[in-house]
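Asks: The structure's right below; bear with me while I get my questions together.
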Amino acid sequence: MVDSSWTSTNQFSGIGWVWKDNIGNIQLMGIRNLRRRETLNSELEALIWAMKSMLQHSTCQRFETDCKDMIAMLKDPQAWPNFSTKLEGIHVLQMCFPDFKISYFPRAQNEITDSLARNARSFHNFICFVGCSIPVWLPIPPQV
């Protein structure tokens, strides 16, 4: 599951991802912030980072997002020329996954990654964390 968060007043955008096993247990998660980007750029960055992380840590083939526009972008990249560079990068990463799938996951069920992304944007310095449990310096997201 991937998500991003940004506001016009925060210095950073936040991105987060969570890898769960087949029975719903969290195996790994990532939280990171980057200089503020608009929503779709942040969503694409979250997917790119999650894909790169999964290539290093698992055989995960299925990704989920609450961003319907991102799914539309991946299905028809030519309709989104302003994002062509990022979409080409995702296409290259997709070739590393024999059975890549991305699907819509309602925001109400994406609370963990939403919380990670919102918390990441609130930091005043760059952060990047990948681990199998919530670090003590981060508020515990719902449903953990």
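Asks: S42: in contact with a Lys or Arg (Cβ under 9 Å, 6 or more places away or on another chain), surrounded by 12 or more Cβ atoms within 10 Å (Cβ to Cβ) and modelled with pLDDT under 95, yes or no?
Replies: Working: in contact with a Lys or Arg (Cβ under 9 Å, 6 or more places away or on another chain): yes; surrounded by 12 or more Cβ atoms within 10 Å (Cβ to Cβ): yes; modelled with pLDDT under 95: yes.
Spelling it out, S42 is indeed in contact with a Lys or Arg (Cβ under 9 Å, 6 or more places away or on another chain), surrounded by 12 or more Cβ atoms within 10 Å (Cβ to Cβ) and modelled with pLDDT under 95.
Asks: Of all residues in the range 102-144, count the ones that are exposed (fewer than 13 other Cβ atoms within 10 Å of the Cβ) and acidic (D, E).
Replies: 0
Asks: Further, regarding this structure: L87 versus (1) within 21 Å of L28 (Cβ to Cβ); (2) touching a helix residue (DSSP H, G or I) at 6+ places or on another chain (Cβ under 8 Å): which is the lone unmet condition?
Replies: Failing condition for L87: (1).
Asks: Looking only at the range 1-16, which residues are β-branched (V, I, T) and either assigned to a loop (DSSP other than H, G, I, E, B) or farther than 20 Å from K68 by Cα (or both)?
Replies: Taking the range 1-16 first, the residues β-branched (V, I, T) are 2, 7, 9, 15.
Answer for the range 1-16, where residues must be β-branched (V, I, T) and either assigned to a loop (DSSP other than H, G, I, E, B) or farther than 20 Å from K68 by Cα (or both): T7, T9.
Asks: Give all pairs with beta carbons closer than 6 Å in which a residue from the range 112-123 that is closer than 16 Å to E38 by Cα and of a type in the set (D, E) meets a residue that is modelled with pLDDT of 90 or more and crowded, with 21+ Cβ neighbours inside 10 Å; count only pairs at least 6 apart in sequence or on separate chains.
Replies: The qualifying pairs are D114/D3.
Asks: Can you go through K52, K20 and tell me which one is of a type in the set (D, E, K, R) and either crowded, with 19+ Cβ neighbours inside 10 Å or over 14 Å from N110 (Cβ atoms) (or both)?
Replies: K52
Condition check ((1) touching a residue at least 60 places away in the same chain (Cβ under 8 Å); (2) more than 10 Å from the chain's Cα centre (by Cα); (3) assigned to a helix (DSSP H, G or I)) across all residues:
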| site | (1), (2), (3) |
| --- | --- |
| V18 | yes, no, no |
| G24 | no, yes, no |
| R37 | no, yes, no |
| E43 | no, no, yes |
| D69 | no, yes, yes |
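The values are calculated or read from the model by the stated rules, or taken from the named source; none is laboratory data. What you see is a predicted model; the values in this text were computed from it and never measured. Cβ: placed from backbone, ideal geometry, glycine included. Neighbour counts: every protein chain shown.
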